[in-house]
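Participant: First the structure, then my questions, so here it is.
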Amino acid sequence: MTKVVIVGAGVAGVNAATKLVDNGFDGKITIIDMGLDPYRRPAADVMRGFLGAGGWSDGKLTYHTSIGGQLSKYTGDEKAMELFDQVIDNFKRFHPNPDEVQCSNPVAEPDFIKPHFGLRLFPVWHVGTDYLHEIGKNWHDYLVEKGVEFIWETKVHAIDFENCRVLGKSLVEDLHTEDRYDKLIFGVGKSGIDFAKSLSEEYKLPTEPKPVQIGVRFEAPQHHFQKLIDIAYDFKLYRKFDAEGVSLRSFCTNNNAAYVAAEHTYGDISYNGHAKKDEKYANGMTNFGILMEIKNIDKPFNWAREAVKKMQIDGKGTYFSPSHRVPSKTTEGDYVETQVVENMEPLYDAIGDYAIYIQDFIHDMEKVFPTLGSDWGIYMPEVKYLAPEPLVNYDNLSLTRFPNVHFVGDALSARGITVSGAQGTYVAEALLINEDHKEKTKKYPEFIENIEF
């Protein structure tokens, strides 16, 4: 019996397991995660547990190959879109009200944006943050019913690629675990990026360095942006400075019932956002990341980590508003966990003159959206930790040195729910082909001795 161990119960791992059980995989599937199942996972824990970070707090599924990572680099555009469809179908399938999942597809770039920004237009499926927890419960129950074993509140601290062993330790009791695997799907999320990096270093895996991605979470009343929201709900403003190796984009826009979320990673706080669909949560706000990509930084992962630390005060991230807007509240009615400051000095202290690009981005938004003025606030920082990306085989995302180990999700520089889920699905498809090959070899060895799969 083939044993598949999945490290991480995020969107990538869950979609991989779903693809396997949907197609009658008769091996053993075990998923190990530091967090909790969807029945016990607190709404405020947006980092660990079933469906990971994005699948627990972000109800938008981007639907374009140029957004969220380089899936089409491995699969080609046509296959990437097919994989996206499978991820979206899973969210609909386990949704308590699937008819409410709608797609927005803006097609025209408005003239008022063009003098200052480019606007990237692409389809987005809107699931609704307030449905994600019910989706998680339905999805979890289906996998358990199909025989998937979950090991919760356990941190994987070592993987022996040579002897196919996963070593973990319970976070709630003095219990050590060891799981052997035939196939390993490594799908850690943001909270496991350090572990992915350490494995790359331990096994001297060939890697591709990734640029720094850091910025702020911007928040303002929605009415200032309504003219653009009517055209593109999850709008992507962007600008590039090729000579300097810098580009900026707005990222993960949330409207109407829009909330800022504090994320605890590596002992520091950074910020993200989500939006609910239920009108009872409406707060009339918009928030989005202003994310800057910086190339040619020496040791970019370490540089980003140090920058984030410099934006912390008394164990919290920082918040600045020129009009002295107070930080917003969470859906639970508490103020966002942050330290209010009087200027953007923490950003300049952390990233130096690169902060000018973000400040100019905001100043130009004040020109494009004339009612905005100083009626805004920023949470510092927002960051996407991108560890050096291990080189993988394009046909199944397996490590070039260890063909039974497959990297997916944040561990392979995915930057969104749809891409992460698609990577997991892609690996599962490859495993199913391999299992089918083994069965055919048993039944008809004389016909396929010379066929390579």
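Participant: Tell me the strands (runs of 3 or more DSSP E) entirely within the range 231-334 that contain at least 1 residues that are of a type in the set (Lys, Arg) and either more than 22 Å from the chain's Cα centre (by Cα) or buried (at least 22 other Cβ atoms within 10 Å of the Cβ) (or both).
Facilitator: Hits in the range 231-334: 236-241, 246-254.
Participant: If I filter the range 258-266 for residues that are of a type in the set (Gly, Ala, Ser) and either out of contact with any Ser or Thr (no Cβ under 8 Å at 6 or more places or on another chain) or under 21 Å from PRO98 (Cα atoms) (or both), do I get at least one hit? Spell out the reasoning first.
Facilitator: Filtering the range 258-266 down to residues of a type in the set (Gly, Ala, Ser) leaves 258, 261-262.
Remaining after also requiring either out of contact with any Ser or Thr (no Cβ under 8 Å at 6 or more places or on another chain) or under 21 Å from PRO98 (Cα atoms) (or both): none.
No; the residues of the range 258-266 include none that is of a type in the set (Gly, Ala, Ser) and either out of contact with any Ser or Thr (no Cβ under 8 Å at 6 or more places or on another chain) or under 21 Å from PRO98 (Cα atoms) (or both).
Participant: Please specify each residue of the range 348-395 satisfying the condition of being charged (D, E, K, R), at pLDDT 95 or above and either assigned to a strand (DSSP E or B) or open to solvent by less than 10 Å² (accessible area, probe 1.4 Å) (or both).
Facilitator: Passing the criteria: only GLU382.
Participant: Given the conditions (1) within 19 Å of GLY8 (Cβ to Cβ); (2) in contact with a strand residue (DSSP E or B) (Cβ under 9 Å, 6 or more places away or on another chain); (3) crowded, with 19+ Cβ neighbours inside 10 Å; (4) hydrophobic (A, V, I, L, M, F, W, C), report the number of the one that ILE135 does not fulfil.
Facilitator: Checking ILE135 against (1) within 19 Å of GLY8 (Cβ to Cβ); (2) in contact with a strand residue (DSSP E or B) (Cβ under 9 Å, 6 or more places away or on another chain); (3) crowded, with 19+ Cβ neighbours inside 10 Å; (4) hydrophobic (A, V, I, L, M, F, W, C), the one that fails is (2).
Participant: Now, a different point. Being within 26 Å of ALA43 (Cα to Cα), in contact with a helix residue (DSSP H, G or I) (Cβ under 7 Å, 6 or more places away or on another chain), modelled with pLDDT under 95 and open to solvent by less than 40 Å² (accessible area, probe 1.4 Å), is that true of even one residue in the range 113-120?
Facilitator: no
Participant: Going residue by residue through the range 172-181, is there one that turns out to be touching a helix residue (DSSP H, G or I) at 6+ places or on another chain (Cβ under 6 Å), modelled with pLDDT under 95 and either buried (at least 22 other Cβ atoms within 10 Å of the Cβ) or within 25 Å of ARG41 (Cα to Cα) (or both)?
Facilitator: Among the residues of the range 172-181, not one is touching a helix residue (DSSP H, G or I) at 6+ places or on another chain (Cβ under 6 Å), modelled with pLDDT under 95 and either buried (at least 22 other Cβ atoms within 10 Å of the Cβ) or within 25 Å of ARG41 (Cα to Cα) (or both), which makes the answer no.
Participant: Separate question: Only one of ASP360, ASP375 is more than 29 Å from GLU208 (Cβ to Cβ) and either among the basic types (Lys, Arg) or in contact with a Lys or Arg (Cβ under 8 Å, 6 or more places away or on another chain) (or both). Can you tell me which? Quick ask: steps written out before the conclusion?
Facilitator: Working: ASP360 fails: either among the basic types (Lys, Arg) or in contact with a Lys or Arg (Cβ under 8 Å, 6 or more places away or on another chain) (or both).
Just a single option satisfies the conditions, and that option is ASP375.
Participant: Let me ask something additional. Looking only at the range 217-228, count every residue that is touching a residue at least 24 places away in the same chain (Cβ under 8 Å) and either open to solvent by 20 Å² or more (accessible area, probe 1.4 Å) or aromatic (Phe, Trp, Tyr) (or both) and tell me the total.
Facilitator: Selection size over the range 217-228: 5.
Participant: For LYS79, only one of the following conditions fails: (1) at pLDDT below 95; (2) open to solvent by 40 Å² or more (accessible area, probe 1.4 Å); (3) not hydroxyl-bearing (Ser, Thr, Tyr). What is its number?
Facilitator: In the conditions (1) at pLDDT below 95; (2) open to solvent by 40 Å² or more (accessible area, probe 1.4 Å); (3) not hydroxyl-bearing (Ser, Thr, Tyr), LYS79 misses (1) alone.
Participant: Taking the options ILE185, ILE214, ILE193, name whichever one is closer than 20 Å to GLY52 by Cβ, open to solvent by less than 40 Å² (accessible area, probe 1.4 Å), touching a strand residue (DSSP E or B) at 6+ places or on another chain (Cβ under 7 Å) and among the hydrophobic types (A, V, I, L, M, F, W, C).
Facilitator: ILE185 is the lone residue from the list that is closer than 20 Å to GLY52 by Cβ, open to solvent by less than 40 Å² (accessible area, probe 1.4 Å), touching a strand residue (DSSP E or B) at 6+ places or on another chain (Cβ under 7 Å) and among the hydrophobic types (A, V, I, L, M, F, W, C).
Participant: Tally up the residues in the range 236-277 that are charged (D, E, K, R) and in contact with an Asp or Glu (Cβ under 6 Å, 6 or more places away or on another chain), please.
Facilitator: As a first pass, look at the range 236-277 and keep what is charged (D, E, K, R): 236, 239-240, 242, 244, 249, 263, 268, 276-277.
Subset that is in contact with an Asp or Glu (Cβ under 6 Å, 6 or more places away or on another chain): 276-277.
Matching residues across the range 236-277 total 2.
Participant: Residues in the range 256-269: is at least one without any contact (Cβ under 8 Å) to a residue 40 or more places away in the chain and either touching a Cys at 6+ places or on another chain (Cβ under 6 Å) or within 30 Å of ILE6 (Cβ to Cβ) (or both)?
Facilitator: yes
Participant: Right, something else. Based on this model, can you work out whether TYR131 counts as under 30 Å from PHE225 (Cβ atoms) and of a type in the set (Ser, Thr, Tyr)? Spell out how you get there, then give the answer.
Facilitator: Values: under 30 Å from PHE225 (Cβ atoms): yes; of a type in the set (Ser, Thr, Tyr): yes.
So TYR131 fits the description; yes.
The values are calculated or read from the model by the stated rules, or taken from the named source; none is laboratory data. Because the structure is predicted, anything quoted here is derived from the model rather than measured. Note that each Cβ is placed from the backbone with ideal geometry, even for glycine, and that neighbours are counted across all protein chains shown. Remember, those area values only see protein heavy atoms, side chains included, never the ligands or the DNA or RNA. Shrake-Rupley method; radii C 1.70, N 1.55, O 1.52, S 1.80 Å.
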